[in-house]
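Input: one structure, supplied below.
The values are calculated or read from the model by the stated rules, or taken from the named source; none is laboratory data. Since the model is a prediction, treat every value here as computed from it, not as a measurement. Glycine gets a Cβ as well: all are built from the backbone with ideal geometry, and neighbour counts include every protein chain shown.
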């Protein structure tokens with residue numbers, strides 16, 4: 001076995017899901033399986049198809065025009081299990097074999113499906129995932145810009161700020177400040193903890209409130225599209241200045257169902273069904289008070305969580321009616337609860 005020295009080689013952790021596998025006998029490829037997670041093999045960029053004679057660091061995500069499952073992939077694109085990772089930018093004449101199964105996914109949607117595939121690729125960082133998902137997205141009259149990335153505890157985590165831009169002017173403060181973990185393997189699911197401030201201030205005036213403009217739901221759905229089944233969003237609500245967070249905090253302290261609070265309702269609408277109120281930091285390491293919401297792993301889990309939510313919401317509404325003349329915050333919570341029950345009954 002001949003191993004080329006780094007950095008002219010690229011270590012592939014090959015599995016049954018590997019995009020492209022160099023044939024045995026290629027320069028730098030082992031004829032014997034590796035041990036542990038380092039399966040065969042170590043290969044150089046010069047040994048890859050279309051890369052003959054090239055030397056330098058191997059960048060499969062940029063340099064190799066591979067085929068996976070018969071689906072041609074442009075340089076700079078990857079594919080996993082027959083799914084093009086960016087199906088919104090298909091190659092002309094490519095065909096739809098790698099996209100149709102994604103379009104038929106009733107749970108995640110197209111963007112979330114390719115994003116889940118991308119998360120298992122070793123070439124992408126969490127900053128790459130966020131930039132692809134959020135940069136340039138339009139909400140009403142604003143455009144989103146994600147930046148200020150900072151590595152977290154591991155290379156799978158990154159801090160980030162999400163700004164609003166209007167007519168080329170960027171907001172003074174970020175709309176979202178967050179920490180994103182892109183998951184590891186099949187069993188450690190992605191999650192995101194974030195602080196949402198709907199009050200957007202621009203230099204020179206022209207401030208706006210995303211909550212008043214009814215754009216908060218789109219923000220939560222956009223962030224939720226990064227989270228696959230089993231993953232979680234954690235929205236900070238404690239000691240936040242905006243009325244959206246303050247009303248959520250008061251509702252949770254009054255034992256309203258989490259999904260009937262303002263932030264909880266947006267999380268429910270984004271497809272999350274299990275809730276946990278982190279009203280104090282266990283071990284003093286969990287940070288601010290936040291509401292965690294987890295996406296169901298499968299339809300069985302979804303049905304069970306929705307049944308539990310239905311029962312709790314019905315009890316909440318009945319209790320509010322017995323007390324009579326609810327205050328404005330409780331009345332709004334009852335209205336959200338009725339909307340959820342109506343949605344569940346229509347299925």
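Kindly indicate which of 184, 172, 166, 156 is surrounded by fewer than 20 Cβ atoms within 10 Å (Cβ to Cβ) and within 23 Å of residue 237 (Cα to Cα).
None of the others qualify; the one that does is 172.
Okay, moving on. Which of the numbered conditions does residue 169 fail, given that it passes all the others? Conditions: (1) under 22 Å from residue 264 (Cα atoms); (2) over 17 Å from the mean Cα position of the chain (by Cα).
Every listed condition holds for residue 169 apart from (1).
Based on what the data block shows, is residue 310 within 23 Å of the chain's Cα centre (by Cα) and either at pLDDT 95 or above or not in a loop (DSSP other than H, G, I, E, B) (or both)?
No: the conditions fail for residue 310.
Results for (1) assigned by TED's automatic domain parsing to the domain that holds residue 163; (2) touching a helix residue (DSSP H, G or I) at 6+ places or on another chain (Cβ under 6 Å); (3) in contact (Cβ under 8 Å) with a residue 40 or more places away in the chain, shown as yes or no for each residue.
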{"site": "184", "(1), (2), (3)": "yes, no, no"}
{"site": "190", "(1), (2), (3)": "yes, no, yes"}
{"site": "221", "(1), (2), (3)": "yes, no, yes"}
{"site": "228", "(1), (2), (3)": "yes, yes, yes"}
{"site": "237", "(1), (2), (3)": "yes, yes, yes"}
{"site": "245", "(1), (2), (3)": "yes, no, yes"}
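Please find, among 256, 180, the residue that is within 25 Å of residue 330 (Cβ to Cβ), in contact with a helix residue (DSSP H, G or I) (Cβ under 6 Å, 6 or more places away or on another chain) and in contact (Cβ under 8 Å) with a residue 12 or more places away in the chain.
Sole residue among the options that is within 25 Å of residue 330 (Cβ to Cβ), in contact with a helix residue (DSSP H, G or I) (Cβ under 6 Å, 6 or more places away or on another chain) and in contact (Cβ under 8 Å) with a residue 12 or more places away in the chain: 256.
Can you find even one residue in the range 275-287 that is without any contact (Cβ under 8 Å) to a residue 40 or more places away in the chain and buried (at least 18 other Cβ atoms within 10 Å of the Cβ)?
yes
For the range 135-152, name all the residues that are under 18 Å from the mean Cα position of the chain (by Cα) and surrounded by fewer than 19 Cβ atoms within 10 Å (Cβ to Cβ).
Matches in the range 135-152: 135, 136, 137, 138, 139, 147, 148, 149, 150, 151, 152.
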